[in-house]
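First up is the structure itself, then whatever we jot down about it.
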Amino acid sequence: MALVAVFAVAFLYALHRAVNVLAEPLTVLPAQSGWLPQEHALSRFHARWYPASIVFLAFDVEMLFMYPWAVIVAEEGMTAVVEMFLFLGALLIAVTWAWREGVFRWA
C-alpha cells in the first residue's frame, strides 16, 4: 500500500511538472493579484504579535459559544443565562490577567 501511495505521488508530481511547463508565471503565482512576493512566505513575525493573536483567538472562541447560546437561551431559560455569565466571568478573569501581564501594550 505504501508503494502504491509513493508511486501515485510521484506520478502526480511528474504530471504536474510536465503540464506546468507552458504556464505563465503571473497566472501561477498565489494571491497578491499577480504581484511578486516582497518576502518569503515563511518569514518571521515579531514576538509581540503572538500574544495579540492568542487574545484574538480567545474572543473568537467566545463568539463560537455565544451564537448557539443565543439560539437556545429561550428554551433553556435562566440556567442558560447563568451559565453564560459564568463563562463570561472566566473570560473576564483571563483578560484581566492578560492585561496585567502587558499583552495589550503594543509598543
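Pull out the extension gain between Val9 and Trp69, defined as 0.36 nm times the separation in residues minus the alpha carbon to alpha carbon distance; nm, one decimal.
Contour length minus the Cα-Cα distance gives 17.1 nm.
Restricting to DSSP loop positions (anything but H, G, I, E, B) with no more than 11 other Cβ atoms inside 10 Å of their own Cβ, which chymotrypsin sites (Phe, Trp or Tyr not before Pro) remain in the stretch 41-104?
Of the chymotrypsin sites (Phe, Trp or Tyr not before Pro), the ones in loops of the stretch 41-104 whose Cβ has at most 11 other Cβ atoms within 10 Å are Phe45.
Computed from the coordinates by the stated procedures, all read-outs in this text should not be read as laboratory data. Keep in mind it's a predicted model, so treat the numbers as computed, not measured. Glycine also receives a Cβ, built like all others from the backbone with ideal geometry; neighbour counts cover every protein chain displayed.
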